[in-house]
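> Below you will find the structure I want to go over with you.
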Amino acid sequence: QTMTSSDHLETLAQTLEATGDYRVVRRLKPRPRIVPPPGTPLRLGLVVDVETTGLDPQRDEIIELAMTPFNYGLDGTIFSVGDSFQGLRQPSKPIAPEITAITGITNEMVAGQIVDPAAVASFAAPASLVIAHNAAFDRRFLERFNDVFSTKPWACSLSQIDWAAEGFEGTKLAYLAQAAGFFYDRHRAMHDCLATVELLAMWLPRSGATGLSRLLDGA
């Protein structure tokens, strides 16, 4: 698409929205970098997401893992988003059809694939905070997968942000994204990470604070 045609489409979208009879939901795009003011203390956050063969971390296994790093200020401003780590992993038993139906991940996709725990550990090591949307789920699988995750503070963007107080009627990732005006390719780990980062970076409708600042307040 040329710049002109995308500008034209955006004008159409704004025209539709201005009538009050239409709501336009835009595809999630990479966030532009914000240059922090000189001397701003920066921290590295890491959004993580796993897809698994089931719900029990004692018995089930990770079949996809993604991690998206971002630099943030202590006030909850996200300045830049780094390149994601993502990997598929063949479990010891075949993926059940109902799990493929939920995740879109097939046995053919994971055949022969491994996620190197050492590579995961070195990627996660610099993070000062690990965030997941429903951390109670991801954390148990990841701490079992590699000890690096047991050494980190965790926060949950599902339970530790008061979404209802911001006017949202649900807390599921896809619902929050749509209510915030964007859509993404669901249930693949990296896209879930990028959607979570967007929710943390954006200004929330009632408080005017970023999602991350609300999370840091509640964590």
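Throughout, read-outs are computed from the coordinates displayed, never taken from laboratory work. Everything numeric here is computed off the predicted structure, so don't read it as measured data. Cβ coordinates were reconstructed from backbone atoms using ideal geometry, including for glycine residues, and neighbour counts include every protein chain displayed.
> Hey, can you tell me all the residues within the range 88-105 that are over 18 Å from Asp192 (Cα atoms) and outside any loop (DSSP other than H, G, I, E, B)? Write out each step before concluding.
Initial filter on the range 88-105 (over 18 Å from Asp192 (Cα atoms)): 90-98.
Result: Pro97, Glu98.
> Identify all residues within the range 8-40 that are surrounded by 10 or more Cβ atoms within 10 Å (Cβ to Cβ) and more than 20 Å from Leu199 (Cα to Cα); write none if there are none.
His8, Leu9, Glu10, Thr11, Leu12, Ala13, Gln14, Thr15, Leu16, Glu17, Tyr22, Thr40
> Could you list, in sequence order, all residues of the range 114-136 that are exposed (fewer than 13 other Cβ atoms within 10 Å of the Cβ) and not hydrophobic (A, V, I, L, M, F, W, C)?
Of the residues in the range 114-136, the ones exposed (fewer than 13 other Cβ atoms within 10 Å of the Cβ) are 114, 116-118, 122, 125-126, 128, 136.
Residues satisfying the conditions are Asp116, Pro117, Ser122, Pro126, Ser128.
> A further question on this structure: So which pairs qualify, if the first residue must be in the range 70-81 and among the acidic types (Asp, Glu), the second must be surrounded by 17 or more Cβ atoms within 10 Å (Cβ to Cβ) and not in a loop (DSSP other than H, G, I, E, B), the Cβ gap must be under 8 Å, and the two must be at least 6 apart or on different chains?
So the pair list comes out as Asp75/Ser213.
> Pairs only if they're at least six apart or on different chains, beta carbon under 6 angstrom, first in the range 24-43 and part of a loop (DSSP other than H, G, I, E, B), second aromatic (Phe, Trp, Tyr); list them, first residue then second.
Short answer, once both residue conditions are applied: Val25/Phe183; Leu28/Phe182; Leu28/Tyr184; Ile34/Phe79; Pro36/Phe79.
> Among the candidates Leu176, Leu142, single out the residue that is in contact with a strand residue (DSSP E or B) (Cβ under 7 Å, 6 or more places away or on another chain) and not in a loop (DSSP other than H, G, I, E, B). I'd like the intermediate steps shown before the answer.
Values: Leu176 fails: in contact with a strand residue (DSSP E or B) (Cβ under 7 Å, 6 or more places away or on another chain).
It is Leu142.
> Any residue that is of a type in the set (A, V, I, L, M, F, W, C), surrounded by 14 or more Cβ atoms within 10 Å (Cβ to Cβ) and within 12 Å of the chain's Cα centre (by Cα) - is there at least one of those in the range 144-156? Before you say what the answer is, go through the steps one by one.
Here is the first cut: in the range 144-156, the ones of a type in the set (A, V, I, L, M, F, W, C) are 145, 148-149, 154-156.
Then keep just the ones that are surrounded by 14 or more Cβ atoms within 10 Å (Cβ to Cβ); that gives 145, 148-149, 154-156.
Adding the requirement that they be within 12 Å of the chain's Cα centre (by Cα) leaves 156.
Yes, the conditions are met somewhere in the range 144-156.
> Something else: In the range 106-131, which residues are closer than 18 Å to Leu88 by Cα, touching a residue at least 12 places away in the same chain (Cβ under 8 Å) and not in a loop (DSSP other than H, G, I, E, B)?
Asn107, Met109, Val110, Pro117, Ala119, Val120, Ala121, Phe123, Ala124
> Looking at (1) buried (at least 17 other Cβ atoms within 10 Å of the Cβ); (2) hydrophobic (A, V, I, L, M, F, W, C); (3) touching a Leu at 6+ places or on another chain (Cβ under 7 Å), find the lone condition where Met109 falls short.
Failing condition for Met109: (1).
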